[in-house]
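In what follows, a single structure is set out as structure tokens and then discussed.
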Amino acid sequence: MRLVLALLLSFYLLQSRALQADTYTVYSIDAPPLTMLNAKQAGIVGDIVIEAFTRLGHHVLLEEAPWKRAQRITSEGENIFIMPLALLPSREEHFTWVAYIMDLERSFATTQQRINSYQQAREMLKKIGVGQGSAQAQRQKLL
């Protein structure tokens, strides 16, 4: 009888472990329409990432942190994810790239005058603001 109970308990423990889904941390920013900090409506990229985890039987824990810190945490950790993150040459060695999702054209926004190019912005504006640690900041260094 003890053997049967031991086997049943072992089977139960193995089965319950198999049924438990892993939870993965995904760092994100509120950058509509690409990502939003809402697991039910996470944006274009966010919905794709969450759906991929769901189809693999995993749960996602969305975390928000300042963007530069989120990149550092993700690049130094294991099984930690970040979205959306532009694939730049300077980032390639610091991350394991899981999936290419989309191309994204960059744009300028001004409150007063129309700007049609980065070169025109540099000539006409005194300051150009971009998010610290963002792809725009990296691209600005390249140009």
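Just so you know, all these numbers are worked out from the coordinates, no wet-lab data involved. Please read all numbers here as calculations on a predicted model, not as lab measurements. Cβ coordinates were reconstructed from backbone atoms using ideal geometry, including for glycine residues, and neighbour counts include every protein chain displayed.
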- How many residues does the range 74-95 contain that are outside any loop (DSSP other than H, G, I, E, B) and under 12 Å from the mean Cα position of the chain (by Cα)? 5
- Restricting the search to the range 29-59, which residues are farther than 12 Å from residue 83 by Cα and assigned to a strand (DSSP E or B)? 59
- Query: Which members of the range 40-77 meet the condition of being surrounded by fewer than 13 Cβ atoms within 10 Å (Cβ to Cβ), of a type in the set (A, V, I, L, M) and more than 20 Å from residue 100 (Cα to Cα)?
  - Reply: 61
